[in-house]
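> Shown below is the structure under consideration.
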Amino acid sequence: MKITDARVVVSCPGRNYVTLVIETEDGVTGVGDATLNGRELAVASYLEDHLCPLLKGRDARRIEDTWQYLYKGAYWRRGPVTMTAIAAVDVALWDIKGKVAGMPVYQLLGGAAREGVMVYGHASGDTLDELSSDFQAHLDQGYKAVRIQASVPGLDHTYGIAPSDGSVYEPAGGSRPQEDRWETTAYIDFAPEMFARIRKEFGYGVHVLHDLHHRLTPIEAGRIGRALEPYRPFWIEDPTPAEDQSAFRLIRQHTTTPIAVGEVFNSIWDCQQLITERLIDYIRASVSHAGGITHLRRIFSLADLYGVRSGSHGAGDLSPASFAAALHVDLSIPNLGIQEYMGHRSPAEEVFTSSYSVEDGHAHPGDAPGIGVEFDEEAAARFPYEPRYLPINRRLDGTVHDW
Ligand code: KDG
Ligand code: MG
């Protein structure tokens, strides 16, 4: 079954998405997400200029061989651009395989290991009162797990707060990134206050998560983990920049609060030490940034050996094709932890039609053959790419800090 065409569509239905479409000689089409937020065109070029020409004429059924051919064949290994591009090819090929078999991809991965995939939504607010009403709104929608973020008093533009106009919360338009401010001293006493408020009001029957977005030093992370222990977070996410895997040994010495890491990881090598030394509890690598279904399953299999569960990144900058692919993996692996779900802003639904559903705090990929997402190229053409950057962060003295 020869691949006859592979093309890349960059569009902005609510936010920028890069979508790979692969077609076979018998007219079966597969889609994969190649979006790398803020660096979209680099992946589009990697695909268009380097991978699409290699795909034409290959056998669409040979997913593993194609993965190895693109990974080992590049010589230059790993990295977000390469691995996002390979992921898009991999997911599109799984989509084709499912369509040809007449089965949803999760059936090809071994079938459902559970009824549904627990997801967490994002509650946020400029004040704790706003956070609390957003938290209640999530409970009303049936969520069993909710991430909490609130503006830190004294800091402009705290990470993770949804603007009240419904716009996207991280990337700003324009020719330069927006600049945020950060100072750990302002945050470190505020986080326990935020958790105390939510637990006091809503009790312990709901999972509460929090993202530190790579901002603390290891010892600060140990301290915050310990301070939050009485409020039993489901996890604290990305406490420190995780390029330094050994830093997590220090955090572990100080706290039993579960740790989730990995949304910026691209390969199993980024988390090998974290997993095999049991330095984390949840691995957040995603289908679209960590080499597709083929490679993500390898990461989760390694994690399973060490009691580490999955907790895949699922922010809105991962397209519906990515979220659907994640659900097929989540449904079929033995060590699911939880799946992030932010949803997709209008008019994304004009471009992507999906078979997945989210109900009562749980998601299911649906039973459409393949990944269950159809991509409308004509509709996508109505929403041209808009250059946008993720923000950068500065400390109060002006030093550039992790965002
Ligand atoms: O593109 C960056 C976002 O995906 C990231 O900031 C979202 O941290 C994030 C999360 O946990 O969803
Ligand atoms: Mg995060």
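The values are calculated or read from the model by the stated rules, or taken from the named source; none is laboratory data. Everything quoted here is computed from the prediction, not taken from an experiment. A quick note on method: Cβ atoms are made from the backbone with ideal geometry, for glycine too, and the neighbour counts reach across all protein chains shown. Just so you know, the surface numbers come from the protein's heavy atoms only, side chains and all, with ligands and any DNA or RNA stripped out. Shrake-Rupley method; radii C 1.70, N 1.55, O 1.52, S 1.80 Å.
> What number of residues within region 338-384 satisfy the criterion of being open to solvent by less than 70 Å² (accessible area, probe 1.4 Å) and within 18 Å of Cys12 (Cα to Cα)?
Selection size over region 338-384: 15.
> Continuing with this model, one more query. Which condition number does Glu374 fail, the rest of (1) within 16 Å of ligand 1 (Cβ to nearest atom); (2) acidic (Asp, Glu); (3) out of contact with any His (no Cβ under 9 Å at 6 or more places or on another chain) being met?
Of everything listed in (1) within 16 Å of ligand 1 (Cβ to nearest atom); (2) acidic (Asp, Glu); (3) out of contact with any His (no Cβ under 9 Å at 6 or more places or on another chain), Glu374 misses just condition (1).
> Of all residues in region 40-57, which are open to solvent by 50 Å² or more (accessible area, probe 1.4 Å) and in contact with a strand residue (DSSP E or B) (Cβ under 8 Å, 6 or more places away or on another chain)?
Scanning region 40-57 gives Leu41, Glu48, Lys56.
> Restricting to region 256-270, count the residues that are part of a loop (DSSP other than H, G, I, E, B) and open to solvent by 10 Å² or more (accessible area, probe 1.4 Å).
Of the residues in that region, 6 qualify.
> Considering only residues that are within 16 Å of ligand 1 (Cβ to nearest atom) and under 17 Å from Ile371 (Cα atoms), which ones fall in region 331-340? Step through it out loud before you land on a result.
Taking region 331-340 first, the residues within 16 Å of ligand 1 (Cβ to nearest atom) are 337-340.
Within region 331-340, Gln339 is the sole residue that qualifies.
> For region 271-308, how many residues meet the condition of being open to solvent by 10 Å² or more (accessible area, probe 1.4 Å) and within 16 Å of ligand 1 (Cβ to nearest atom)?
So the count comes out to 3.
> Only one residue in Ala87, Ala74, Ala60, Ala101 is modelled with pLDDT of 95 or more, surrounded by 13 or more Cβ atoms within 10 Å (Cβ to Cβ) and closer than 25 Å to Leu336 by Cα, so which one is that? So that I can check it myself, show each step before the final result.
Numbers: Ala74 fails: closer than 25 Å to Leu336 by Cα; Ala60 fails: closer than 25 Å to Leu336 by Cα; Ala101 fails: closer than 25 Å to Leu336 by Cα.
On inspection, the qualifying residue turns out to be Ala87.
> Being open to solvent by 40 Å² or more (accessible area, probe 1.4 Å) and outside any loop (DSSP other than H, G, I, E, B) is the filter here, so list the residues in region 230-255 that pass it.
Pro230, Tyr231, Arg249, Leu250, Arg252, Gln253, His254
> Counting residues that are without any contact (Cβ under 8 Å) to a residue 12 or more places away in the chain and closer than 20 Å to Asp330 by Cα, which helices (runs of 4 or more DSSP H) fully inside region 86-188 reach at least 1?
Values: elements: 105-108, 128-140, 184-188.
Output list reads 105-108.
> Does Ala326 satisfy the criteria of being surrounded by fewer than 23 Cβ atoms within 10 Å (Cβ to Cβ) and within 16 Å of ligand 2 (Cβ to nearest atom)? Quick ask: steps written out before the conclusion?
Numbers: surrounded by fewer than 23 Cβ atoms within 10 Å (Cβ to Cβ): no; within 16 Å of ligand 2 (Cβ to nearest atom): yes.
Considered against the rule, which asks whether it is surrounded by fewer than 23 Cβ atoms within 10 Å (Cβ to Cβ) and within 16 Å of ligand 2 (Cβ to nearest atom), Ala326 comes out as no.
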